[in-house]
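S.K.: Below is one structure. I have some questions about it.
The values are calculated or read from the model by the stated rules, or taken from the named source; none is laboratory data. No experiment lies behind these values; they were computed from the predicted model shown. Cβ: placed from backbone, ideal geometry, glycine included. Neighbour counts: every protein chain shown. The area values use the complete protein model at the heavy-atom level, side chains included, leaving out ligands, DNA and RNA. Shrake-Rupley method; radii C 1.70, N 1.55, O 1.52, S 1.80 Å.
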Amino acid sequence: MNSFFEIEWRSVFNPELAREAFPYILGGLGHTLWISLLSMVIGLGLGLLLALARLSTSRLLRAIATLYISFMRGVPILVLLFMFYFGLPVINIQLDALTAAIAGFSLNSAAYMAEIIRSSLLSVDRGQQEAAQSLGLSRYRVFTGIILPQAVRLAIPPLSNVLLDLVKASSLAAMITVPEIFQRAKIVGGREFDYMTVYFVIAFIYWGICAVIAAGQEMLERHFARYL
């Protein structure tokens, strides 16, 4: 009976395999972080432009930004990855797997960040903008010196959630052969016929990454709270 329970436990988690596979799986961490962080930076820049377009007085800009955001929020990221990696070669555009992953995640996350930035900008008291303009400050100075810093403080928590989602969603890049940690875990699991063990390993790796990001979020919130 004891041996039965021992065999069942080892079929769920094999410590020896976890220890041996950990360095190999962790070798994909660079791709995971590169996809997540670069997509966050690109998406943030594009998201800011989209947010400003949504707040523009131009109907055309508002319509284009609204349509883009609606489309990207309504299409699964896996579909975008397949379109960029497997679909674009049809029109003679060939992207390597890593570039296709970054493009897909950047364009998709920009839609979510645009709405976060837009709502944060609108949350700043309009009276402050009017008071600053009455003192003779230019619209650019008002935006960069008064509105944007306050909007950044409001946007930190939801933007951190976007980054957390990017880290976890980066595992989908394995579907287009990017050798990040999930793809490497699948290789080990298939070779050893033990997927549960390696899934536990990558679960703890993702948890560790997200815990670090959450700690960074708290530090940023405390930093900006000093200016309240």
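S.K.: All but one of (1) open to solvent by 40 Å² or more (accessible area, probe 1.4 Å); (2) without any contact (Cβ under 8 Å) to a residue 24 or more places away in the chain hold for Val142; state the number of the condition that does not hold.
M.R.: Failing condition for Val142: (1).
S.K.: Among the residues in the stretch 47-58, are any under 28 Å from Asp96 (Cβ atoms) and open to solvent by 30 Å² or more (accessible area, probe 1.4 Å)?
M.R.: Yes, some residue in the stretch 47-58 is under 28 Å from Asp96 (Cβ atoms) and open to solvent by 30 Å² or more (accessible area, probe 1.4 Å).
S.K.: Looking at Thr32, Thr57 in this structure, which one is under 15 Å from the mean Cα position of the chain (by Cα), among the hydroxyl-bearing types (Ser, Thr, Tyr) and either part of a helix (DSSP H, G or I) or over 21 Å from Leu159 (Cβ atoms) (or both)?
M.R.: Criteria check complete, one pass: Thr32.
S.K.: Looking at the stretch 119-137, can you tell me whether even one residue there is in contact with a Lys or Arg (Cβ under 9 Å, 6 or more places away or on another chain), in a helix (DSSP H, G or I), at pLDDT below 95 and surrounded by 20 or more Cβ atoms within 10 Å (Cβ to Cβ)?
M.R.: There is at least one residue in the stretch 119-137 that is in contact with a Lys or Arg (Cβ under 9 Å, 6 or more places away or on another chain), in a helix (DSSP H, G or I), at pLDDT below 95 and surrounded by 20 or more Cβ atoms within 10 Å (Cβ to Cβ).
S.K.: For the stretch 172-212, enumerate the residues that are free of Cβ contacts under 8 Å to residues at least 24 places away in the same chain and open to solvent by less than 20 Å² (accessible area, probe 1.4 Å).
M.R.: If the condition is that a residue be free of Cβ contacts under 8 Å to residues at least 24 places away in the same chain and open to solvent by less than 20 Å² (accessible area, probe 1.4 Å), then Ala174, Gly189 are the ones that fit.
S.K.: Of the numbered conditions (1) farther than 20 Å from Leu26 by Cβ; (2) in contact with a Lys or Arg (Cβ under 7 Å, 6 or more places away or on another chain); (3) open to solvent by less than 40 Å² (accessible area, probe 1.4 Å), Gln217 fails exactly one; give the number of that condition.
M.R.: It fails just one condition, (2).
S.K.: Mind checking which residues of the stretch 131-171 are farther than 16 Å from His223 by Cβ and hydroxyl-bearing (Ser, Thr, Tyr)?
M.R.: Correct list: Ser134, Ser138, Tyr140, Thr144, Ser170, Ser171.
S.K.: Here's something else I'd like to know. Restricting to the stretch 64-91, count the residues that are within 23 Å of Asp165 (Cβ to Cβ) and open to solvent by 100 Å² or more (accessible area, probe 1.4 Å).
M.R.: Qualifying residue count for the region: 3.
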